[in-house]
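*Asks:* The following block contains the structure, expressed as structure tokens.
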Amino acid sequence: MNTSGVGYPLGSDPSEFERLNRQGRILAAATRTILEAGGILPGMRVLDLGSGTGELSFVAAGLVGASGAVIGVGHG
Ligand SMILES: C[S@@+](CC[C@H](N)C(=O)[O-])C[C@H]1O[C@@H](n2cnc3c(N)ncnc32)[C@H](O)[C@@H]1O
């Protein structure tokens, strides 16, 4: 839910979701490196605000493992 009164400038149509998915795949290795450097470890709970299609959430889920949890909050 967008409560800011201002929409996301790039919109939420299928082409934007595909762009986010493609970007997430391209950046997955770098994203993982950044999350590791930020201290994300197995068992942690991660809140991904503005998760879009969840590409970063899935990378985070791989780091926290089955003993952790990731919640993504986004809107379409
Ligand atoms: C630049 S995209 C990044 C998406 C994702 N974090 C990624 O790395 O691929 C920003 C996302 O935040 C979402 N967003 C913007 N404002 C939001 C709000 N107020 N509440 C929930 N999601 C929001 C948009 O819909 C968009 O999907």
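The values are calculated or read from the model by the stated rules, or taken from the named source; none is laboratory data. The model shown is predicted, which means the values in this text are computed figures rather than measured ones. So basically every Cβ, Gly included, is an ideal-geometry build from the backbone, and we count neighbours across all protein chains shown. Just the protein is used for accessible areas: all its heavy atoms, side chains included, with ligands, DNA and RNA removed. Shrake-Rupley method; radii C 1.70, N 1.55, O 1.52, S 1.80 Å.
*Asks:* Being assigned to a helix (DSSP H, G or I) and hydroxyl-bearing (Ser, Thr, Tyr) is the filter; apply it to the range 1-33 and report the residue that is modelled with the lowest pLDDT.
*Replies:* Ser15
*Asks:* Among Leu27, Leu63, Leu49, which is in contact with a Pro (Cβ under 9 Å, 6 or more places away or on another chain) and not polar (S, T, N, Q)?
*Replies:* Leu63
*Asks:* Looking at (1) open to solvent by 80 Å² or more (accessible area, probe 1.4 Å); (2) at pLDDT 95 or above; (3) within 14 Å of the ligand (Cβ to nearest atom), find the lone condition where Ser57 falls short.
*Replies:* (1)
*Asks:* I've got another one for you. Show the residue pairs that are 6+ apart or on different chains and have beta-carbon atoms under 7 Å apart, the first residue being within the range 11-22 and farther than 12 Å from His75 by Cα and open to solvent by less than 70 Å² (accessible area, probe 1.4 Å), the second being β-branched (Val, Ile, Thr) and outside any helix (DSSP H, G or I).
*Replies:* From residues that are farther than 12 Å from His75 by Cα and open to solvent by less than 70 Å² (accessible area, probe 1.4 Å), the pairs are Leu20/Thr53; Asn21/Thr53.
*Asks:* Now a separate question. Can you find, within the range 34-43, the residue that is least open to solvent (accessible area, probe 1.4 Å) among those that are part of a helix (DSSP H, G or I) and closer than 16 Å to Gly65 by Cα?
*Replies:* The extreme case among them is Leu35.
*Asks:* Going residue by residue through the range 44-52, is there one that turns out to be modelled with pLDDT of 95 or more, in a loop (DSSP other than H, G, I, E, B) and over 11 Å from the mean Cα position of the chain (by Cα)?
*Replies:* Within the range 44-52, one or more residues are modelled with pLDDT of 95 or more, in a loop (DSSP other than H, G, I, E, B) and over 11 Å from the mean Cα position of the chain (by Cα).
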